[in-house]
Amino acid sequence: MHTRLYRNGVLEKEGFPIEDVSDHVADPENTVWFDLCSPTLDELAVIGEELGLHELAVEDVVTDHQRPKLDVYDNHLFITVYGVHFDGDVLDPVEINVFVTSNALVTVRENAHFDIGEVTRRWDSASRLAGHGVAFLLHGLLDCVVDGHFDLVQDLDGKAEALEEALFGEEPVDGREMQRTMYRLRKNMTRFRKITMPMREVIGTLLRRDQVLVPAAEMRPYYQDVYDHALRVSEWTDSLRDLLANVRETRLSQQGFRLNEIMKRVTSWAAIIAVPTAITGFYGQNVPYPGAGQPWGFWMSVIAVALTSVGLYAVFKKKDWL
């Protein structure tokens with residue numbers, strides 16, 4: 001069981017049944033956290049009744065593809081954020097819904113692909129702040145989520161730079177593989193942008209709201225640090241989006257340039273072939289012409305074909321058409 005009980009900033013108990021949560025929450029000196037992974041609607045209804053959660057917030061939990069947001073209700077906050085997870089090469093974010101009351105934090109994960117153990121380890125490493133109760137727990141969760149976003153945007157940046165360098169590298173690249181890589185990267189970036197851009201608003205709202213459920217004054221600098229990271233991730237995401245757009249346009253320009261080079265070469269060789277064809281066709285007409293029926297006439301046509309072909313080749317080579 002993912003449950004914890006803090007009392008006066010000290011971790012007293014963990015791993016207890018969720019049925020005991022209501023008893024612990026009744027004491028205002030306690031701070032309780034418990035986690036639900038893929039809960040049923042009946043389980044959510046029971047938790048909602050015990051903690052007095054708003055029915056609209058409970059309904060949002062079972063509704064897929066919620067936008068990252070923060071809703072303020074009379075006695076609690078409802079927050080939706082997304083953790084980072086990859087299904088093969090495709091980004092598959094994990095929805096995490098959070099209920100925040102005066103002395104309880106409830107996390108509801110869409111599936112087990114988000115490592116809740118990393119969050120608890122983060123709480124343990126900063127246990128000196130546990131006296132701030134729910135504000136401490138919420139900070140650790142948001143900090144873990146935003147750090148995951150930051151690590152991913154760094155990885156995407158490295159892949160985008162490698163793709164950019166491959167465009168102008170000396171070694172030949174597989175055009176089809178590059179297009180597949182570019183498509184996957186753009187698709188993942190689009191999904192990633194949808195879950196990171198609203199995070200500024202979510203954390204910024206926590207900093208602006210003047211309520212008892214928002215971070216205490218002592219925790220505000222820590223939330224400001226998370227906000228700065230979220231802001232940097234969103235700005236970095238926008239810059240990567242522009243970079244990928246430039247890479248795509250550069251790739252299309254290279255393909256167009258390559259096509260023009262091929263067309264120039266094909267046209268040049270067609271011209272080289274066409275001139276001898278015209279000369280030999282002229283000598284094949286059924287009218288008298290200089291050297292008709294004479295050996296020197298044949299050799300004159302051969303020389304004319306050779307000289308014009310060599311001359312055209314030299315001109316096209318000089319113009320870099322061949």
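Couple of notes before you dig in:
- Scanning the stretch 111-140 for residues that are of a type in the set (D, E, K, R) and touching a Pro at 6+ places or on another chain (Cβ under 9 Å) yields a total of 0.
- Whichever residue in the stretch 21-77 is of a type in the set (S, T, N, Q) and in contact (Cβ under 8 Å) with a residue 40 or more places away in the chain and, among such residues, is farthest from Thr107 (Cα to Cα): Asn30
- Residue that is part of a loop (DSSP other than H, G, I, E, B), among the acidic types (Asp, Glu) and either at pLDDT 70 or above or exposed (fewer than 13 other Cβ atoms within 10 Å of the Cβ) (or both), where the choices are Asp242, Asp238, Asp320: Asp320
- Summed over the stretch 106-142, the residues that are in a helix (DSSP H, G or I) and either closer than 17 Å to Asp225 by Cβ or over 28 Å from the mean Cα position of the chain (by Cα) (or both) give a count of 20.
- Of everything in the stretch 245-273 that is among the aliphatic types (A, V, I, L, M) and surrounded by 13 or more Cβ atoms within 10 Å (Cβ to Cβ), the residue that is modelled with the highest pLDDT is Val247.
- Qualifying residues in the stretch 194-216 (those that are at pLDDT 85 or above and basic (Lys, Arg)) - the one farthest from Asp147 (Cα to Cα): Lys194
- Residue selected from the stretch 173-193 under the condition surrounded by 15 or more Cβ atoms within 10 Å (Cβ to Cβ) and either of a type in the set (A, V, I, L, M, F, W, C) or more than 12 Å from the chain's Cα centre (by Cα) (or both), by the criterion modelled with the highest pLDDT: Phe192
- Condition met for Asn188 (assigned to a helix (DSSP H, G or I) and among the polar types (S, T, N, Q)): yes
The values are calculated or read from the model by the stated rules, or taken from the named source; none is laboratory data. Please read these numbers as outputs of a predicted model, since none were measured by experiment. We place every Cβ from the backbone using ideal geometry, glycine too, and count neighbours over all the protein chains shown.
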